[in-house]
Amino acid sequence: MKGEFPDTVSYNRFTELVGQNLIDMSLFLKTCCLGESRGISFVDSTPVRVCKPKRIRNDKVSKGIANTDKSTIG
């Protein structure tokens, strides 16, 4: 789909850009995209499958920020 998205960056460049802009994006999401806080928050700890387990070692996007671990349901 290069024709539809000619300015798309490579995966390696994307991981560099995400690391550089993570704080800015977090602040943007917090100020512009989240609703008003009512004082009570709930966190869903259900695990989200991001990629197949055999590819986890190759993930560079959240390196140093997130880690893999076990949840209460496995």
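The values are calculated or read from the model by the stated rules, or taken from the named source; none is laboratory data. Bear in mind that the values here come from a model prediction, so they are computed numbers and not experimental data. Don't worry about glycine lacking a Cβ; one is built from the backbone with ideal geometry, like all the others, and counts go over all protein chains shown.
Kindly indicate which of Val50, Val9 is in a loop (DSSP other than H, G, I, E, B), surrounded by 10 or more Cβ atoms within 10 Å (Cβ to Cβ) and modelled with pLDDT under 70.
On the way: Val9 fails: modelled with pLDDT under 70.
Exactly one of Val50, Val9 is in a loop (DSSP other than H, G, I, E, B), surrounded by 10 or more Cβ atoms within 10 Å (Cβ to Cβ) and modelled with pLDDT under 70, namely Val50.
One line per residue, one yes/no per condition, for (1) part of a loop (DSSP other than H, G, I, E, B); (2) modelled with pLDDT under 85; (3) surrounded by 10 or more Cβ atoms within 10 Å (Cβ to Cβ):
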{"position": "Asp24", "(1), (2), (3)": "no, no, no"}
{"position": "Phe28", "(1), (2), (3)": "no, no, yes"}
{"position": "Gly35", "(1), (2), (3)": "yes, yes, no"}
{"position": "Ile40", "(1), (2), (3)": "yes, yes, no"}
{"position": "Ile56", "(1), (2), (3)": "no, yes, yes"}
{"position": "Gly74", "(1), (2), (3)": "yes, yes, no"}
Pairs where the first residue, in the stretch 26-54, is among the hydrophobic types (A, V, I, L, M, F, W, C) and the second is at pLDDT below 70, C-beta under 8 Å, 6+ apart: Val50/Asp59; Cys51/Asp59
